[in-house]
């Protein structure tokens with residue numbers, strides 16, 4: 001089976017070459033770009049399965065490119081940055097990034113994160129799992145990885161991680177998932193409560209009538225989250 005295509009976007013040639021070597025060693029196919037304009041062209045002309053995206057680049061930065069990509073695609077995006085500040089991590093995740101990696105991470109760790117996000121985005125499920133989950137106004141179709149609200153036939157736009165989170169919660173209604181369980185399942189144990197809160201806050205904005213008073217994704221204070229709602 002042909003390996004996924006990884007697009008590496010960074011204006012530092014040494015980083016690009018290093019990541020290419022490690023990714024190709026793991027038999028990934030790799031394309032590269034040194035700025036947002038070139039990256040957008042590569043993205044539009046090729047079937048890209050994952051993007052490793054630098055933030056600080058000449059011209060359009062990584063945040064702006066991510067926002068543009070998210071208008072058309074839910075391809076997994078891993079931000080790669082020299083900055084470790086929480087505000088940058090939160091902004092990256094809020095814009096639709098699936099992971100945030102500081103450049104001090106080893107190339108081996110970065111490749112491992114790529115594999116992890118690709119596994120999550122594959123939406124694996126057991127054969128006995130129902131193809132369609134419906135609760136209240138939310139309908140999730142596992143066959144097409146689409147989510148619909150009310151009677152609207154147009155699917156709402158979710159990132160791979162948002163979809164996987166919603167799928168987990170809808171498959172196990174009323175079950176409380178702790179922060180630790182969610183981190184382990186979706187972030188390989190790397191991250192903190194802020195990471196989860198940002199993703200679920202963004203998901204609430206898309207599925208709740210009033211995100212400030214959620215009826216579906218509810219907090220269990222000090223523990224985690226659970227999914228509420230009558231089955232449709």
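The values are calculated or read from the model by the stated rules, or taken from the named source; none is laboratory data. Bear in mind that the values here come from a model prediction, so they are computed numbers and not experimental data. When we count neighbours, we look across all protein chains shown, and the Cβ atoms used for this are built from the backbone with ideal geometry, even at glycine.
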Where residue 178 falls short, out of the listed (1) more than 20 Å from residue 97 (Cα to Cα); (2) within 18 Å of the chain's Cα centre (by Cα); (3) surrounded by 13 or more Cβ atoms within 10 Å (Cβ to Cβ): (2)
Qualifying position, being assigned to a loop (DSSP other than H, G, I, E, B) and on the phi < 0 side of the Ramachandran plot, among 181, 213: 213
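Among the strands (runs of 3 or more DSSP E) confined wholly to the stretch 1-97, which include 3 or more residues that are modelled with pLDDT under 90, surrounded by fewer than 20 Cβ atoms within 10 Å (Cβ to Cβ) and at positive phi? Write out each step before concluding.
Working: elements: 5-9, 29-33, 50-54, 77-81.
Strands (runs of 3 or more DSSP E) meeting the threshold: none at all.
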